[in-house]
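Reviewing the structure listed below.
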Amino acid sequence: MTRLRDNRDDIVAVAVAGRVSDARLHRQLLWMDDSGRSCVLPGTGGVVLGLHVGDRINDREADHAMVGASVEDAGANLDDPGALHLLSCLGNRVRDARGVALGVVAGKRGGLAPRAFPPSLVAVEATDERLTSLVPGDRIVVEAEGRGLGLCDFPEVSLANCSPRLLDQLPLQASRGRLEITVKIIIPARFAGPGLGQDAWIGDLEIVSRHHPAVDLNDLRYGDLVAFQGIDSANNRFYRPGFVSVGVVSHGPSQWPGHGPGATIVLSGPAERIAPANDADSSVANCLRTWGAES
Amino acid sequence: MTADLQTNAGRLLTTRLVGVVQQPSAHVSVDPDGFARSLPGMGGVFVRPRIGDRAGGWMSDHLEVGASVSHPEPSADHALQVLACVGNRAQVLDGPAAGGIGTVVGKHAATMVSFSGDVLAALAPGERVMIDAVGVGLRIEYEPDIVFHSCSPVLLPLFAPSRTGDGRLRVKVARVLPPEAAAAGIGMAAHSANLDLQVDQLAGTVGAADLRFGDLVAVEGHEHRYGRQPRDAWIAVGAICHGRSVGGGHGLGLVTLLTAPTNRVAIEVTPDASLASLELPGAEA
């Protein structure tokens, strides 16, 4: 893979402090399934043991579950993400209160509308041994790096939520003025759901294709790459024919109507510049899992 | 109510609610090109535009037509947000506009109430509005798959007056939009707030860009029984209650009124399918 030219020498790294989030059940959300049956499952916030990048998203009875520890801005209004959420990038190192390596940022989850709906969580992939020592409220520090990152030869392409080292691991190749990228699935715009209308740096974009089995999410795993056709995510995520957004699967499915697994968007631009192609193995799970165990 | 539409309207409870006209918001939104803009729209009292006026084009963000009413206590506000239904009668309680009669026309962050131009001109944030809320629980007997939200019994026969010969519910709308129009609001509870319709990217859809406040609109391939979601062979119908947005992924607000399998309804497109044409007090064009 040829290294693409980027501006990583000019971007800054900044420490952001936050906390391990509490597990929460938000009362303003709709706790029912597609048939109107009461449906309460864990998945939001807290520390999850035994769920890691690379695992299948459909293997658990959970709601919007993310891997490892969910972290957040300390003292923030839950509806309104702060610097930790807005600066964290996939691949960023996370350390604990003692300054010891904890893990790596592996995903984000956001609410339904700007300023109005929680949660705003960042997933930290780490070993179970390290996660076992954490409790909600613990202080953590994200070594945030990636905001401002761009590709010198592709100014129309926007990067978001992407650290330089994750960029190096994306299955990208420049060819005849286009960036070719492989993804596990390509999702039509009409199945983009919650996360539309949000800032590009908040949370994720959900795949709401439950009633359309032609979109096969069965083997989807945390860390897989997916592409949304007809979605622009440069500044805020919205339907725009002729644009493509590529993301990393960051949270699992939900039984709630109009919800589904989410991908944190890392790359977005016009289709003349980004060409997604299917590859069942397209994933950044291996590197995220390795980084999560680094000391 | 026409004879062939047997509803449970007589069994519904009318609850008197009170809310307060909100102070307008001066929030900042970022547009798709990354520029931050602050434009009025949410909260307050809009004297112009009114129901029946064009919804797009105004220098505004999520413009809530009429007066935006909410309650300072969260549970009471939730009741106002869920129980108030489009077509419910409202009355100003305080201030120079006291006694003015209006109609609930939409839901967003607040509940929107339309009044006549004279009442709106005299109304101000902080004044109280009373709403006689009725409509939650409304159904047509023997039609379990036709689900209503935020739809008052008064409103129903005005846009869904009768059945076709083969038994489908006739539903009048001004426009039918494709599922790609649906943006923010997917995954939210269908009984409150609304679905944003991003009409500016629908190049092939006739008339999407010239919708008016109060227009009744159908979204194809959408099911809104519990939460709003894309689903083939279903349709969702609502009324346009807030204006365009600065940010991408937002747009004209559609308060959900009805959802049904497409084979239970007969959608009739007629340009005058609008709340503004229904002679609701304070909501006349």
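Count, please, the residues in the stretch B:189-203 that happen to be more than 9 Å from chain A (Cβ to nearest Cβ), part of a loop (DSSP other than H, G, I, E, B) and buried (at least 24 other Cβ atoms within 10 Å of the Cβ). Summing the residues that are more than 9 Å from chain A (Cβ to nearest Cβ), part of a loop (DSSP other than H, G, I, E, B) and buried (at least 24 other Cβ atoms within 10 Å of the Cβ) in the stretch B:189-203 gives 1.
May I ask you to verify whether residue A:41 is more than 14 Å from chain B (Cβ to nearest Cβ) and closer than 25 Å to residue A:208 by Cα? Against the criterion (more than 14 Å from chain B (Cβ to nearest Cβ) and closer than 25 Å to residue A:208 by Cα), residue A:41 qualifies. Of the residues B:265, B:206, B:255, B:246, the single one that is farther than 18 Å from residue B:139 by Cα, β-branched (Val, Ile, Thr) and away from chain A (no Cβ under 14 Å) is B:206. Scanning the stretch B:23-55 for residues that are more than 14 Å from chain A (Cβ to nearest Cβ), in contact (Cβ under 8 Å) with a residue 40 or more places away in the chain and not basic (Lys, Arg) yields B:23, B:24, B:39, B:44, B:45, B:46, B:47, B:49, B:51, B:52, B:53, B:55. Among the residues making up the stretch A:13-40, those that are among the charged types (D, E, K, R) and exposed (fewer than 13 other Cβ atoms within 10 Å of the Cβ) are A:27, A:37. Screening residue A:245 against (1) assigned to a strand (DSSP E or B); (2) more than 23 Å from residue A:87 (Cα to Cα); (3) not charged (D, E, K, R) leaves a single unmet condition, (2).
Exactly one residue out of B:238, B:247, B:253 is within 25 Å of residue A:114 (Cα to Cα) and at pLDDT below 95, and it is B:247.
If I ask for residues that are among the aliphatic types (A, V, I, L, M) and touching a His at 6+ places or on another chain (Cβ under 9 Å), which ones from the stretch A:42-61 would you list? A:57 - this is the single residue of the stretch A:42-61 that is among the aliphatic types (A, V, I, L, M) and touching a His at 6+ places or on another chain (Cβ under 9 Å).
The set of residues from the stretch A:136-179 being under 23 Å from residue A:21 (Cβ atoms), among the small types (Gly, Ala, Ser) and outside any loop (DSSP other than H, G, I, E, B) comprises just one member, A:144. Among the residues of the stretch A:108-130, count how many are on the phi > 0 side of the Ramachandran plot and touching a residue at least 40 places away in the same chain (Cβ under 8 Å). Result for the stretch A:108-130: 0. Checking each residue in the stretch B:163-177 for being open to solvent by 20 Å² or more (accessible area, probe 1.4 Å) and touching a residue at least 24 places away in the same chain (Cβ under 8 Å) picks out B:163, B:164, B:168, B:170, B:172, B:175, B:176. Do we have residue A:214 as in contact with a Ser or Thr (Cβ under 8 Å, 6 or more places away or on another chain), over 18 Å from residue A:285 (Cα atoms) and within 11 Å of chain B (Cβ to nearest Cβ) here? Here the answer is no, as residue A:214 does not meet what is asked. Taking residues in the stretch A:238-261 that are of a type in the set (D, E, K, R), and partners anywhere that are surrounded by fewer than 24 Cβ atoms within 10 Å (Cβ to Cβ), the pairs with Cβ atoms closer than 6 Å and at least 6 places apart or on different chains are A:240/B:201. Can you tell me how many residues in the stretch A:8-51 are under 30 Å from residue B:147 (Cβ atoms) and not assigned by TED's automatic domain parsing to the domain that holds residue A:84? The number of residues fulfilling the criteria is 0.
Within the stretch A:190-206, the set of residues being open to solvent by 20 Å² or more (accessible area, probe 1.4 Å) and assigned to a helix (DSSP H, G or I) comprises A:190 only.
The numbered conditions (1) aliphatic (A, V, I, L, M); (2) open to solvent by 20 Å² or more (accessible area, probe 1.4 Å); (3) touching a His at 6+ places or on another chain (Cβ under 6 Å) are all true for residue B:209 except (3). Of the residues making up the stretch A:219-249, just one is touching a Gly at 6+ places or on another chain (Cβ under 9 Å), closer than 14 Å to residue A:279 by Cβ and open to solvent by 10 Å² or more (accessible area, probe 1.4 Å), namely A:221.
Here residue B:180 clears all of (1) facing chain A (nearest Cβ under 10 Å); (2) open to solvent by 20 Å² or more (accessible area, probe 1.4 Å); (3) farther than 30 Å from residue A:37 by Cβ except the condition numbered (3). Filtering the stretch B:236-280 to residues that are among the small types (Gly, Ala, Ser), part of a strand (DSSP E or B) and surrounded by fewer than 24 Cβ atoms within 10 Å (Cβ to Cβ) leaves only B:266. Counting only residues that are in contact with a Gly (Cβ under 7 Å, 6 or more places away or on another chain) and buried (at least 24 other Cβ atoms within 10 Å of the Cβ), the stretch B:101-118 holds 12 of them. The condition of being assigned to a loop (DSSP other than H, G, I, E, B) and farther than 15 Å from residue B:240 by Cα does not hold for residue B:129. Cβ-Cβ distances below 8 Å connect the following pairs, each with a first residue in the stretch B:218-231 that is in a loop (DSSP other than H, G, I, E, B), a second residue that is among the β-branched types (Val, Ile, Thr) and open to solvent by less than 10 Å² (accessible area, probe 1.4 Å), and a separation of six or more residues or different chains: B:224/B:256; B:224/B:259; B:225/B:259; B:228/B:186; B:228/B:256.
The values are calculated or read from the model by the stated rules, or taken from the named source; none is laboratory data. As the structure is a computational prediction, the values presented were derived from the model and not from experiment. No Cβ is skipped: glycine too gets one built from the backbone with ideal geometry, and neighbour counts run over all protein chains shown. The accessibility values were calculated without ligands, DNA or RNA, using every heavy atom of the protein model including side chains. Shrake-Rupley method; radii C 1.70, N 1.55, O 1.52, S 1.80 Å.
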